[in-house]
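See structure below.
The values are calculated or read from the model by the stated rules, or taken from the named source; none is laboratory data. Keep in mind it's a predicted model, so treat the numbers as computed, not measured. A quick note on method: Cβ atoms are made from the backbone with ideal geometry, for glycine too, and the neighbour counts reach across all protein chains shown.
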């Protein structure tokens, strides 16, 4: 039987605001508690969500025994590890936005703390809940797509968004964006495990502006020989920006049988922009929530 929980959110900017609005209307959230250093934004979100408490000091949330779980969605990204660590040490379940940390040892420590205290720690890989992504996962699970032998993901950011991200933190396209795509591919290919990774950068205008690569190729080989490629760009050129700006392009090569008629076909929409029915709501896909 499900029980209600008291939820805290540290950082209620763009993504944190989305999390706060979702929690405010969720039937399993008993009360909402917000933390934000921008006082105007804090006041706005507290009023909009009906938060029970609001503070500029995240340690006030940690000291409250009634708060069960905390979402850490702060910028800059250097704050993710220390805030999540403090939440776990305060025995709070944690949903943490990517990246977990700037170094591997930080991620390892967070996982060790969660295991030692029997706490739930999960990363905000929200693409698993995107109906289009979940539909691909379902088609793999039920055998519609056959057995995958290769996967290609391509994600291209606009230059303005690349500048926004590159201007606040010195992290590669792999850390900031490809992480979503790699998680999706690993989810689709489970229980396969990666055994070899190769990556290469390409530099251009982003190097001049932020000292960062414009794009990054990542090759992942799984333990059964499945090959995966991920191409991420933070400064999309005019040739490709109209094709895939902000929207990942995903191609799964699989060992399909010849009965192509088994592939499901979307029903015709009655009007432009109408939602296709019956396709995009698989019932048992996606990671467990807190």
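Assess whether residue 134 counts as being in a helix (DSSP H, G or I) and either touching a strand residue (DSSP E or B) at 6+ places or on another chain (Cβ under 6 Å) or on the phi > 0 side of the Ramachandran plot (or both).
No.
Answer yes or no as to whether residue 110 is buried (at least 20 other Cβ atoms within 10 Å of the Cβ), touching a residue at least 12 places away in the same chain (Cβ under 8 Å) and either more than 23 Å from the chain's Cα centre (by Cα) or assigned to a helix (DSSP H, G or I) (or both). The answer is yes for residue 110. Residues in the range 202-226 that are in a strand (DSSP E or B), more than 14 Å from residue 181 (Cα to Cα) and modelled with pLDDT of 90 or more: 221, 222.
Inside the range 146-169, can you point out the residues that are surrounded by fewer than 16 Cβ atoms within 10 Å (Cβ to Cβ), in contact with a helix residue (DSSP H, G or I) (Cβ under 9 Å, 6 or more places away or on another chain) and within 25 Å of residue 100 (Cα to Cα)? Result: 158, 167, 168.
Which residue is farthest from residue 92 (Cα to Cα), if the candidates are limited to the range 1-22 and must be without any contact (Cβ under 8 Å) to a residue 40 or more places away in the chain and within 21 Å of the chain's Cα centre (by Cα)?
14
Whether a residue is at pLDDT 90 or above, in the same structural domain as residue 229 (by TED's automatic domain parsing) and touching a strand residue (DSSP E or B) at 6+ places or on another chain (Cβ under 7 Å) was assessed, and residue 157 does not pass this test. Within the range 37-54, residues that are at positive phi have Cβ atoms under 8 Å from residues that are part of a helix (DSSP H, G or I) in these pairs: 50/24, counting only partners at least 6 apart in sequence or on another chain. Taking the range 6-18 as the range and being surrounded by fewer than 22 Cβ atoms within 10 Å (Cβ to Cβ) and assigned to a helix (DSSP H, G or I) as the test, the residues that pass are 14, 15, 17, 18. Is it true that residue 143 is loosely packed, with under 14 Cβ neighbours inside 10 Å and farther than 22 Å from residue 96 by Cα? Yes, satisfied. Every condition in (1) closer than 25 Å to residue 3 by Cα; (2) modelled with pLDDT of 95 or more; (3) not in a loop (DSSP other than H, G, I, E, B) holds for residue 64 except the one numbered (3). Only one entry of 118, 199 meets the criterion of being over 17 Å from the mean Cα position of the chain (by Cα) and closer than 25 Å to residue 79 by Cα, and that entry is 118.
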